[in-house]
Amino acid sequence: MAVRAAVAGASGYAGGELLRLLLAHPEVEIGALTGNSNAGQRLGALQPHLLPLADRVLEVTTAEALTGHDVVFLALPHGQSAAVAEQLGPDVLVVDMGADFRLKDAGDWERFYGSPHAGTWPYGLPELPGARAALEGSKRIAVPGCYPTAVSLALVPAYAARLVEPEAVIVAASGTSGAGKAPKPHLLGSEVMGSMSPYGVGGVHRHTPEMTQNLSAAAGEPVTVSFTPTLAPMPRGILATCSASARQGVTADAVRAAYEKAYADEPFVHLLPAGQWPATASVYGSNAVQVQVALDEAAGRVVAISAIDNLTKGTAGGAVQSMNIALGLDETTGLTATGVAP
Ligand SMILES: NC(=O)C1=CN([C@@H]2O[C@H](COP(=O)(O)OP(=O)(O)OC[C@H]3O[C@@H](n4cnc5c(N)ncnc54)[C@H](OP(=O)(O)O)[C@@H]3O)[C@@H](O)[C@H]2O)C=CC1
Ligand SMILES: CC(=O)N[C@@H](CCC(=O)OP(=O)(O)O)C(=O)O
């Protein structure tokens, strides 16, 4: 029997990417689609690439519109998910693509998001140690942020194998779709085209505590994270360049071996052959993650680089992968690791 799925936030970028993936999912039937300012509009006017859904009309996002489904995806701005989720029954699988349920520490939430903490749900990054067991059979899933996905997959093997000291320096470039579809002056084509620029500098980006949470869990001790995001003139993609001090005596062979072991059986994480480096173009539109790692012996640092598509593995693909696990389906159902190039 088909899994009936509703999507709240169907007019946005994350909701649109999710619908693209759900249309190709053999077990899913797409139910209610909701929006906010675009309620009442045809989806074809908002997401013209989703041809089979063009004549569907967006409803207002209410618990009533979302009931009667097996799975409800919430692709809403931060702070909007909790009120909707609490009105959905405990038997419905609720997959939150926003940030509301990602953090364990209420103080971190309040500091970075400036509102009361809604709670913590099982975290939808299956490749993290222990994550799959928490997702199996779960009725609530918190999909990670796009930067924490890229950064965690780049660095967790180094922390889990105790190859590096508990500090990390991360500079990551994101495509503009990461900022959502709502118009913002700094995202005008004339501001973005032909330029790269930093933002959220100095430890203030709200993804910093999420990265700290994931890396500290892998390390078994608190990890300090210096994170600098940058905006790149491309619609999709994240390239995360991460480094951490190598522990005394760590060799390049030991680093390589740890990453090979961590990712040997992962369907979506590809540790590239030595000498080949991740590129956002190679993962465009796919749920794949490219990872490469090197030991900079002169600087004494392990350097790990990852590339993801922020809308696919960074949100909608990660959401579908985690839903598959929660429902007991094959984890890869409806997802591809094959990109689009050039
Ligand atoms: N873009 C990305 O790469 C990623 C996004 N996410 C997360 O996914 C969520 C959606 O992001 P994204 O799609 O980029 O954002 P968009 O701005 O593109 O879309 C936001 C969606 O939420 C709806 N919405 C806006 N305000 C409200 C409200 N007050 N109540 C209910 N619905 C509302 C909008 O409806 P309407 O258009 O009709 O007003 C739209 O459908 C966010 O939490 C974001 O952090 C997570 C990882 C990556
Ligand atoms: C380029 C850009 O602006 N990116 C967004 C990332 C948003 C995202 O994907 O994460 P959340 O789900 O936590 O919002 C940002 O830096 O805020």
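Computed values, structure above
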read-out	value
Charged-residue dipole, Cβ positions (Lys, Arg, Asp, Glu), the range 147-310 about Cα centre, Debye nearest 20	340
The chain, relative contact order [Cα under 8 Å, separation at least 6], %	18
Tensor-based shape of the range 96-240 (alpha-carbon gyration tensor, a/c under 1.5 rounded, otherwise prolate or oblate)	prolate
Residue order, fewest to most beta carbons within 10 Å, for Asp309, Asp253, Asp105	Asp253, Asp105, Asp309
Most fluctuating residue given options Glu136, Glu297, Glu210, as computed from a GNM of the chain linking Cα atoms under 10 Å	Glu297
Least to most buried among Ser286, Ser152, Ser115 (fewest other Cβ within 10 Å first)	Ser115, Ser286, Ser152
Likely footprinting exposure, Arg56, Arg256, Arg236, fewest C-beta neighbours within 10 Å first	Arg256, Arg56, Arg236
Given charges at Cβ of Lys, Arg, Asp, Glu: the range 147-310 dipole, positive-most of Gln292, Val201, Gly249	Val201
10 Å beta-carbon shell around Val283, net charge (K/R +1, D/E -1)	+1
Mean projection area, nm², convex hull over Cα of the range 1-121	7.6
Lysine pairs in the chain with Cα atoms under 24 Å, if 8 or more residues apart or on separate chains	5
Taking N as its residue count, the alpha carbon Rg of the chain over 2.2 N^0.38 Å	0.96
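Each value in this text was obtained by applying a stated rule to the coordinates, not by laboratory testing. Quick caveat, the model's predicted, so the values are computed rather than measured. Quick reminder, even Gly has a Cβ in these numbers, built from the backbone with ideal geometry, and neighbours come from all protein chains shown.
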